[in-house]
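**Q** Here it is, the structure in full.
The values are calculated or read from the model by the stated rules, or taken from the named source; none is laboratory data. All of these numbers come straight from a predicted model, not from anything done at the bench. Positions of Cβ are backbone-derived with ideal geometry, glycine not excepted, and every protein chain shown enters the neighbour counts. Protein only, heavy atoms only, side chains kept; ligands, DNA and RNA dropped before computing areas. Shrake-Rupley method; radii C 1.70, N 1.55, O 1.52, S 1.80 Å.
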Amino acid sequence: AADSPFVLSWQGPAQARPGEKLSVTLNAQAQQPLNSLGLLVSFDSSVLKAVDVVEGGFFKQGNTQSSLNKTIDQAGGQILLDISGSGPEGAGGTGGLITLVFEAIAASPKTQIAVGRLAPVGLDGEPLTAAPPVPHVIEVAP
């Protein structure tokens, strides 16, 4: 995936305890400018409760305006996100895309936060190739 024009990676804790809040950041590395990005993040709603989604600095580079539309479906264990920037150069380089804030609600030896659908769009409106990152695994210790 090193030759992909758009690469995502997770950054966050590997362990949590029930009742704790945890933040997991999705970092982006883009070889070519992005205009917008749609993604679907899935999680186990019996183990994690999605609390919030905070936009990172990736689409705000160069003082451009950006917008984040988020829909948290706790029952379905999904977060639907659409992020776009309004700058003429688009967003590129490396930076934090979003930070997901969860509350651990039950113990689990291995729970995953995964990107299920990924739709980066380039400056000309053309879809870019991208592979979802490896799921982020968290142990929620009792």
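**Q** Roughly how many debye, to the nearest 20, is the charge dipole of the range 1-121 about its Cα centre, given +1 on each Lys and Arg Cβ, -1 on each Asp and Glu Cβ, and no other charges?
**A** 200
**Q** OK, next. Read through the labelled values (i) 14.4, 48; (ii) 19.1, 66; (iii) 15.2, 49 and report the label of the one computed as Rg and Dmax of the Cα atoms in Å from the structure.
**A** (iii)
**Q** Report the Rg/Rh value for the range 1-65, based on alpha-carbon coordinates and the Kirkwood definition of Rh.
**A** 1.01
**Q** For the range 71-142, what is the largest minus smallest coordinate of the Cα atoms on each principal axis, given in angstrom and ordered from greatest to least?
**A** Principal extents (largest minus smallest coordinate, Cα): 49, 22, 18 Å.
**Q** Remind me, relative contact order of the range 25-131 in percent, using alpha carbon pairs under 8 angstrom and six or more residues apart?
**A** Contact order relative to length: 44 percent.
**Q** Please report the carbon-and-sulfur percent of the accessible area for the chain; probe 1.4 Å, protein heavy atoms only, DNA, RNA and ligands left out.
**A** That share works out to 49 percent.
**Q** Could you tell me the distance between the Cα centroids of the range 11-27 and the range 71-95, to the nearest Å?
**A** 19
**Q** Now a separate question. Measuring with a 1.4 Å probe in the full set of protein chains, what accessible area per residue, in whole Å², belongs to the chain?
**A** 48
**Q** Taking Cα pairs under 8 Å and at least six residues apart, what relative contact order does the range 74-142 come out at, in percent?
**A** Relative contact order for the range 74-142 comes out at 33 percent.
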